[in-house]
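What follows is a short report on a single structure.
The values are calculated or read from the model by the stated rules, or taken from the named source; none is laboratory data. Because the structure is predicted, anything quoted here is derived from the model rather than measured. Here the Cβ positions follow ideal geometry from the backbone for every residue, glycine too, while neighbour counts run over all protein chains shown.
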């Protein structure tokens with residue numbers, strides 16, 4: 001590059017063309033990533049299967065719990081009905097006992113009245129005195145029988161009523177015991193159902209967690225499948241590009257001149273400080289191609305057959321530039337172009353026009369920066385131009 005044209009990239013790192021070996025490297029890296037993705041997909045599928053199995057078991061547990069809860073609820077309802085029946089029987093028996101006690105009290109009062117009459121008729125009878133002073137009805141009634149002052153009919157009536165009262169009291173006590181027992185059954189069933197409800201709630205929580213994790217695994221699997229498909233597509237594209245570059249017929253290391261004009265700056269170490277830094281040069285700066293001066297808008301041609309990759313415009317460095325991959329590790333670089341005549345990934349042949357000379361990027365005048373790379377290393381173009 002001459003001081004007049006002052007073309008070069010004043011950046012620490014110059015954009016490098018992607019050489020053919022990088023196709024192999026990139027394809028290998030993509031294939032390795034593809035294997036990792038497939039392993040991840042397999043692991044996710046195993047996780048999903050395990051969660052589905054756990055979900056099946058949890059559903060079975062919940063189904064059994066639902067059945068047990070239904071049985072317990074039925075038992076509770078039946079026990080409550082039985083308890084209500086017992087309470088009703090108890091109330092009825094209590095009413096009967098109250099009536100019997102009232103009747104017995106009335107009969108006792110009647111008997112007492114009769115004894116008063118007997119007493120008035122036989123004031124000197126010490127046996128009747130003892131009967132009237134007795135505090136125990138059974139002793140009293142025994143005394144009455146012994147005194148033979150009360151009729152057999154009255155004796156039978158009071159005895160029957162007392163027997164009825166005793167029987168009713170026994171029924172009442174029995175029903176009360178049944179009520180207490182049934183209440184214990186109801187309470188135990190309620191406690192059992194409370195435990196079952198707690199287990200059901202816990203199992204439902206486990207089930208919801210398993211379903212959430214399974215859904216998350218499925219989303220991850222879908223994302224991994226998308227990445228897998230993208231990697232497969234990228235591998236196919238890289239393989240196609242590599243094959244196209246070789247099929248174009250280039251890659252023999254012999255290049256045609258891409259432009260006509262004087263060389264204003266040669267290849268190699270340079271004292272121009274605006275060139276990229278290179279510690280291997282004594283001057284600490286390196287020019288990785290040759291600069292060919294020419295009129296603005298002059299045609300630029302492909303130095304060899306291959307696949308052209310126009311690069312996005314840079315306000316520094318090479319501005320508009322094209323990389324052509326020729327195969328067998330050979331690539332060429334065309335910098336500072338005013339415009340492109342080819343599209344990205346287009347196959348070109350030796351001598352095809354690829355664009356026009358310009359002064360884009362870090363340049364002070366129209367010229368072409370032309371570089372040749374072999375397996376990622378810049379070489380002197382003058383050694384390979386025919």
Counted residues, the stretch 253-276 - those being farther than 16 Å from residue 333 by Cβ and exposed (fewer than 14 other Cβ atoms within 10 Å of the Cβ): 5
For residue 258, indicate whether it is under 55 Å from the mean Cα position of the chain (by Cα), under 20 Å from residue 358 (Cα atoms) and in a loop (DSSP other than H, G, I, E, B). no
Across the stretch 277-311, what is the number of residues that are in contact (Cβ under 8 Å) with a residue 60 or more places away in the chain and surrounded by fewer than 16 Cβ atoms within 10 Å (Cβ to Cβ)? 4
Hey, among 282, 303, which residue is part of a loop (DSSP other than H, G, I, E, B), more than 55 Å from the chain's Cα centre (by Cα) and more than 27 Å from residue 349 (Cβ to Cβ)? 282
For the stretch 282-317, which residues satisfy the criterion of being at pLDDT 90 or above and over 30 Å from residue 240 (Cα atoms)? 282, 290, 291, 292, 293, 294, 295, 296, 297, 298
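Tell me, which residue of the stretch 316-337 that is in a loop (DSSP other than H, G, I, E, B) and at negative phi is surrounded by the most Cβ atoms within 10 Å (Cβ to Cβ)?
The residue in question is 318.
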Filter result for the condition that a residue is out of contact with any strand residue (DSSP E or B) (no Cβ under 6 Å at 6 or more places or on another chain), part of a helix (DSSP H, G or I), within 30 Å of residue 206 (Cα to Cα) and free of Cβ contacts under 8 Å to residues at least 24 places away in the same chain, over 99, 70, 91, 105: 70
What about residue 384, is it crowded, with 16+ Cβ neighbours inside 10 Å, in contact (Cβ under 8 Å) with a residue 60 or more places away in the chain and under 49 Å from the mean Cα position of the chain (by Cα)? no
Could you please find all residues in the stretch 287-300 being more than 11 Å from residue 385 (Cβ to Cβ) and outside any loop (DSSP other than H, G, I, E, B)? 287, 291, 293, 299, 300
Scan the stretch 186-235 for residues that are loosely packed, with under 14 Cβ neighbours inside 10 Å, at pLDDT below 80 and either under 30 Å from residue 77 (Cα atoms) or touching a helix residue (DSSP H, G or I) at 6+ places or on another chain (Cβ under 8 Å) (or both) and report the count. 0
Would you mind telling me which numbered condition in (1) on the phi > 0 side of the Ramachandran plot; (2) surrounded by fewer than 22 Cβ atoms within 10 Å (Cβ to Cβ); (3) modelled with pLDDT under 95 residue 361 fails? (2)
Suppose the filter is surrounded by 15 or more Cβ atoms within 10 Å (Cβ to Cβ), under 20 Å from residue 46 (Cβ atoms), touching a helix residue (DSSP H, G or I) at 6+ places or on another chain (Cβ under 7 Å) and assigned by TED's automatic domain parsing to the domain that holds residue 46; does residue 178 pass it? no
What is the residue count in the stretch 239-252 for residues that are surrounded by fewer than 17 Cβ atoms within 10 Å (Cβ to Cβ) and assigned to a helix (DSSP H, G or I)? 5
